[in-house]
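Written below as C-alpha cells is the structure these notes are about.
Bear in mind these aren't lab numbers, they're just calculated from the coordinates by the rules spelled out. This is a predicted model, so every value here is computed, not measured. Please note: Cβ atoms are built from the backbone with ideal geometry, for glycine as well, and neighbour counts cover all protein chains shown.
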Amino acid sequence: MIRSQWYEDYELGASRDSFGRTITETDIVMHAGQTGDFYPHHMDAEWCKQQDFGQRIAHGTLIFSVAVGMTATEMNPEAFSYGYDRLRFVKPVFIGDTIKVRVTVHEKKDHPKRSGFGIVSERCEVFNQHGATVLVCDHLLMVRKRAV
C-alpha cells in the first residue's frame, strides 16, 4: 500500500502491530550461510544442550532483519529509513518461536541540517509467543515536511 504521510501527520504514541512469524531451522541455516556466522550457539544442537539455553538460538541479526521486514507494510513516498539506534537483543529466540512486532512513534524532531525534513523515531519492540520482549530498537525515518 502506498500512502503519503508527511512529518506533521505522525502522532506521538501512534502504534501498529504486525502479524506473527514463526522462526524455523531453515531461517537460521539460511542466515548463517548468508552472513558466514556459523557460531555454535546457532548451528550445533549437541553443543547447545550443554549450554545455558539448552538449545540453538536464532542469530540476533536474523531476528532484527525479519522484524524490520515485518514492519514494512506501507510505502510512504515522503519518508525513507535514516537508520536504527539503540538495538538490543533482550532475550533469545529459539527454533519454533513466533515473533510479532509493535511499532510506536515515540519521538519527533526537526532535522538539524535540512529544514524541509524532520526525524521521526519509531520504537520497534519484538515479542515472542509468550509476550516476552526479545528485541528493541529505534527506527529513524527522515520525513518530508509539508511545504508552507
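Things to note:
- Angle in degrees between helix 60-71 and the longest Cα principal axis of the chain, rounded to the nearest 10: 40
- Cα-projected label distance for Trp47 with Thr26, points at 7 Å along beta-carbon direction, nm: 2.5
- For the chain, the share of DSSP beta bridges that are antiparallel, to the nearest 5, is 95%.
- Take every Cα pair under 8 Å whose residues are at least 6 apart in sequence, average their separation, divide by the length of region 7-144, and the relative contact order is 30 percent.
- Over region 105-148, relative contact order from alpha-carbon pairs under 8 Å, at least 6 apart, %: 37
- Helix 25-35 vs. the chain, principal-axis angle (Cα, 0 to 90°, nearest 10): 70
- Reduced Cα scattering model of the chain, Debye log10 I(q)/I(0), q = 0.13, 0.17 Å⁻¹: -0.64, -0.94
- Here the sum of -39500 (n - 2.57) over DSSP H runs of 4 or more residues, divided by the residues of the chain, equals -6000 deg cm²/dmol at 222 nm, to the nearest 500.
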